Amino acid sequence: QVHLVESGGGLVQAGDSLRLSCAASGWTFSNGAMGWFRQAPGKEREFVAGIGRNGGSTYSEDSLKGRFSISRDNAKNTVYLQMNSLKPEDAAVYYCAVRNGSPSSPHSSFYDYWGQGTQVTVSS
């Protein structure tokens with residue numbers, strides 16, 4: 001059974017950084033693409049970043065690309081989301097997801113398994 005566990009969330013001030021981790025088990029990690037999504041209260045879940053099994057990355061928009069960075073360590077079955085210069089509007093529950101295939105996709109329906117999420121709160 002595939003199991004994804006996110007960690008690294010927390011309460012930070014605007015301008016701070018966080019690194020989220022998502023550890024996967026029960027699946028051949030190197031075979032699939034990974035994605036990070038987020039959902040703020042009252043809003044729909046949205047795509048943040050994705051990374052294919054060969055390391056190619058995509059971001060939801062240019063502004064995130066400049067502040068966020070996705071990476072993966074296949075030896076550790078872990079995908080990371082480095083978030084710098086955090087803003088209050090980045091506050092949300094962040095979810096990782098795995099797609100049994102590649103490349104990554106901004107569409108949540110393409111992903112097969114999801115983690116439980118980790119809360120990121122950014123104070124102004």
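Going by what's in this entry, would Ser21 be described as farther than 17 Å from Ser102 by Cα and either touching a Leu at 6+ places or on another chain (Cβ under 9 Å) or surrounded by 18 or more Cβ atoms within 10 Å (Cβ to Cβ) (or both)? The answer is yes for Ser21. For region 7-26, a tally of residues being over 15 Å from Asp73 (Cβ atoms) and either of a type outside the set (S, T, N, Q) or free of Cβ contacts under 8 Å to residues at least 24 places away in the same chain (or both) returns 9.
Applying the criterion of being more than 12 Å from Cys22 (Cα to Cα) and in contact with a Phe, Trp or Tyr (Cβ under 7 Å, 6 or more places away or on another chain) to the residues of region 61-106, the residue that is modelled with the lowest pLDDT is Lys65.
The set of residues in region 32-50 being among the aliphatic types (A, V, I, L, M) and either in a loop (DSSP other than H, G, I, E, B) or open to solvent by 20 Å² or more (accessible area, probe 1.4 Å) (or both) consists of Ala40 alone.
The values are calculated or read from the model by the stated rules, or taken from the named source; none is laboratory data. Remember, predicted model here, so these are calculated numbers, not experimental data. Cβ: placed from backbone, ideal geometry, glycine included. Neighbour counts: every protein chain shown. The accessibility values were calculated without ligands, DNA or RNA, using every heavy atom of the protein model including side chains. Shrake-Rupley method; radii C 1.70, N 1.55, O 1.52, S 1.80 Å.
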